[in-house]
1. So, in the range 213-229, of the ones that are in a loop (DSSP other than H, G, I, E, B), of a type outside the set (D, E, K, R) and under 17 Å from Ala18 (Cβ atoms), which residue ends up modelled with the lowest pLDDT?
2. Given the conditions (1) acidic (Asp, Glu); (2) more than 29 Å from Arg119 (Cβ to Cβ); (3) at pLDDT 90 or above, report the number of the one that Glu198 does not fulfil.
3. Of the residues Gly176, Gly183, Gly157, Gly187, only one is open to solvent by 40 Å² or more (accessible area, probe 1.4 Å) and at pLDDT 90 or above; which?
4. Take the conditions under 17 Å from the mean Cα position of the chain (by Cα), more than 16 Å from Tyr106 (Cα to Cα) and in contact (Cβ under 8 Å) with a residue 24 or more places away in the chain and apply them to Leu47. Does it pass?
5. Is at least one residue of the range 146-154 at pLDDT below 85, hydroxyl-bearing (Ser, Thr, Tyr) and either outside any loop (DSSP other than H, G, I, E, B) or loosely packed, with under 13 Cβ neighbours inside 10 Å (or both)?
6. Show me the helices (runs of 4 or more DSSP H) found entirely inside the range 160-212 where at least 3 residues are small (Gly, Ala, Ser) and in contact with a Ser or Thr (Cβ under 9 Å, 6 or more places away or on another chain).
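The values are calculated or read from the model by the stated rules, or taken from the named source; none is laboratory data. The structure presented is a predicted model; accordingly, all values stated were derived computationally and were not measured. Glycine also receives a Cβ, built like all others from the backbone with ideal geometry; neighbour counts cover every protein chain displayed. To get the accessible areas, we keep the full protein, side chains included, count just its heavy atoms, and leave off ligands, DNA and RNA. Shrake-Rupley method; radii C 1.70, N 1.55, O 1.52, S 1.80 Å.
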Amino acid sequence: MSGAQEIRVLVVEDDPVAADAHALYAGRVEGFRVVGVAHSRAAAVRLLDRVPVDLILLDLYLPDGHGLALLRALRAAGHAADVIAVTSARDLAVVREGVSLGVVQYVLKPFAFATLRDRLTRYAEFRGAAGEASGQDEVDRALAVLRAPQPATLPKGLSGPTLEAVTRSLREAPAGLTAAEAGAAVGISRITARRYLEHLVTEGRAVRAPQYGQIGRPELQYRWRETAR
């Protein structure tokens with residue numbers, strides 16, 4: 001998006017750790033700039049009244065109301081920002097309602113950086129289309145960019161459900177986990193668990209440090225990344 005105007009992003013997410021991660025991810029994608037983070041519906045409304053926003057990364061489960069209720073209120077107030085729902089909600093009725101309110105993409109938690117990067121890149125391409133379409137084919141191609149993203153692939157040998165289980169175990173362990181502990185928690189081998197933990201480190205979602213105090217070589221301790229850096 002060289003030379004193009006930056007797309008201003010608001011992250012609306014009640015979990016501070018997840019909010020920091022989403023802001024970190026969005027800020028790493030060329031052409032996007034995070035202009036605010038809100039942890040509630042009320043905070044999002046206050047921020048939108050002060051700061052111009054092009055795109056909202058919206059969690060649907062907020063402490064003071066459903067994300068779609070926030071979106072309905074924003075539309076009634078004349079806010080035209082596009083929305084990508086970033087949520088664990090899998091109810092297709094909710095998905096349909098979101099589409100009717102202008103949700104342009106859904107990203108299901110938990111997800112890797114590559115998943116959000118793909119959605120944001122496709123959104124930017126769709127948003128950047130200009131001029132008049134020559135016909136139906138060109139309209140279809142423009143919509144296909146937005147509606148038919150290629151699935152983000154994990155490294156060979158890793159699976160989505162296992163990554164979700166390892167991610168959940170790591171987030172629930174404030175002191176962190178070794179590969180052996182993560183493997184025991186999820187029911188996989190230490191070597192397999194380490195591959196998933198290293199993937200989380202590569203994606204910027206976890207950090208690792210040597211754990212000393214035992215006889216022999218220090219063991220790596222993995223922790224969920226608590227703040228965006």
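1. Looking at residues that are in a loop (DSSP other than H, G, I, E, B), of a type outside the set (D, E, K, R) and under 17 Å from Ala18 (Cβ atoms), I get Ala228.
2. Glu198 satisfies every listed condition except (2).
3. Values: Gly176 fails: open to solvent by 40 Å² or more (accessible area, probe 1.4 Å); Gly183 fails: open to solvent by 40 Å² or more (accessible area, probe 1.4 Å); Gly157 fails: at pLDDT 90 or above.
From the options Gly176, Gly183, Gly157, Gly187, the qualifying one is Gly187.
4. Numbers: under 17 Å from the mean Cα position of the chain (by Cα): no; more than 16 Å from Tyr106 (Cα to Cα): yes; in contact (Cβ under 8 Å) with a residue 24 or more places away in the chain: yes.
Criteria not met by Leu47.
5. Going residue by residue through the range 146-154, those that are at pLDDT below 85 are 146-154.
If we keep only those that are hydroxyl-bearing (Ser, Thr, Tyr) too, we end up with 153.
Pick out the ones that are also either outside any loop (DSSP other than H, G, I, E, B) or loosely packed, with under 13 Cβ neighbours inside 10 Å (or both) and you get 153.
Yes, because at least one residue in the range 146-154 is at pLDDT below 85, hydroxyl-bearing (Ser, Thr, Tyr) and either outside any loop (DSSP other than H, G, I, E, B) or loosely packed, with under 13 Cβ neighbours inside 10 Å (or both).
6. Working: elements: 160-171, 179-186, 190-202.
Qualifying helices (runs of 4 or more DSSP H): 179-186.
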